[in-house]
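One structure follows; several queries about it will come next.
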Amino acid sequence: MRLIVLILLLSISNAYAICEQSMSRSKIVVAGGSITEIVYFLGMEDKLVGVDITSNFPKEAKKLKSIGYLRNLSIEGILSLSPGLVLAEEDIGPPIIINQLRKTSIDLRIIKEKNNLNGIRNKIMCISKILNTSLDENEDFIEFENKLHMVRKLKKINSEKIKKILLILMMRGASPVVAGKNTSGQGFIDMIGHENSMNDLNGWKPVSSEEIIKKNPDYIIITKRAFKNFSSLDQFLSIPGISSTLAAKKKNIIVKDGMSMLGFGPRTINVALDIDKKIGD
């Protein structure tokens, strides 16, 4: 029992340490699109000197020096920018780069993430503390809190009209890669108070036409990245398996930017409210 309590206390202590104010924040590198979005949200973009290629919002972020892909960064690209602080999502990689960064004087903060409403809020508050910015009079944060309250109500509101949703991340050949449990897609569907039609799968998985027919979703949410594989909505609706679903027959197809929906940054709240409106109409 004492060991469990000790482990919990160490975990809490570590979480607080990650979010402590940084004393090296004059030049910041970010690895992770949602964190870049939050830095802009907090009005601290003038401190940014480099970002990874998942940092495509806002569009101004694309003009910054690139350090490569979040999961395959190079230490040379980061060091060349002489940052004092590196803010990173938990997917940062490869593992060797974490060890290399920790051997330097750079302040590395890997931000804890959870794919739910509290996770978004906690991530914003953590980064705010690291950068020593106040949220008390931040109009964007006040608006965010109001919208957060609205999204919290969705689970209760939608409990009597739950829809089965198929969320497609990308296409792998002719097979859609869909959200199973333990994914950001599952977290997003939970957030809006509906049911993931593929919640018997674990992770992001390609699925067969037979499996899609069997699950027969009421709505299909597909990322813009995946939808680019098709010349029109009609072509998408003609995919074997998809064409037989209730979602296809009623044209209940919602196309959304994957990063804004699944990045679990401030924009995720807006996407949740928009999709809920489309499902409710």
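Can you tell me which residue among SER34, SER22 is assigned to a loop (DSSP other than H, G, I, E, B), surrounded by 16 or more Cβ atoms within 10 Å (Cβ to Cβ) and in contact with a Lys or Arg (Cβ under 8 Å, 6 or more places away or on another chain)?
Result of the check over SER34, SER22: SER22.
Okay, next question. Is it the case, given these coordinates, that GLY187 is within 24 Å of ILE242 (Cβ to Cβ) and part of a helix (DSSP H, G or I)?
Answer is yes for this residue.
Could you say whether any residue in region 43-60 is of a type in the set (A, V, I, L, M) and closer than 21 Å to ASN138 by Cα?
Yes, because at least one residue in region 43-60 is of a type in the set (A, V, I, L, M) and closer than 21 Å to ASN138 by Cα.
Take the residues in region 81-98 that are surrounded by 19 or more Cβ atoms within 10 Å (Cβ to Cβ) and part of a loop (DSSP other than H, G, I, E, B), then tell me which one is nearest to the chain's Cα centre (by Cα).
So, considering only residues that are surrounded by 19 or more Cβ atoms within 10 Å (Cβ to Cβ) and part of a loop (DSSP other than H, G, I, E, B), the one nearest to the chain's Cα centre (by Cα) is GLU89.
Please tell me if LYS181 is closer than 20 Å to GLY258 by Cβ and surrounded by fewer than 16 Cβ atoms within 10 Å (Cβ to Cβ).
Answer is yes for this residue.
A follow-up question, please. Would you please name the residue that is farthest from MET191 (Cα to Cα), looking only at residues in region 99-122 that are out of contact with any Phe, Trp or Tyr (no Cβ under 7 Å at 6 or more places or on another chain) and in a helix (DSSP H, G or I)?
The qualifying residue farthest from MET191 (Cα to Cα) is GLN100.
Any idea which of LYS214, LYS181 is more than 17 Å from ALA272 (Cβ to Cβ) and free of Cβ contacts under 8 Å to residues at least 12 places away in the same chain?
LYS214
Quick note: the coordinates plus some simple rules give every number you see, no bench work behind them. What you are looking at is a predicted structure, and each value in this text was computed from that prediction instead of being measured. Glycine also receives a Cβ, built like all others from the backbone with ideal geometry; neighbour counts cover every protein chain displayed.
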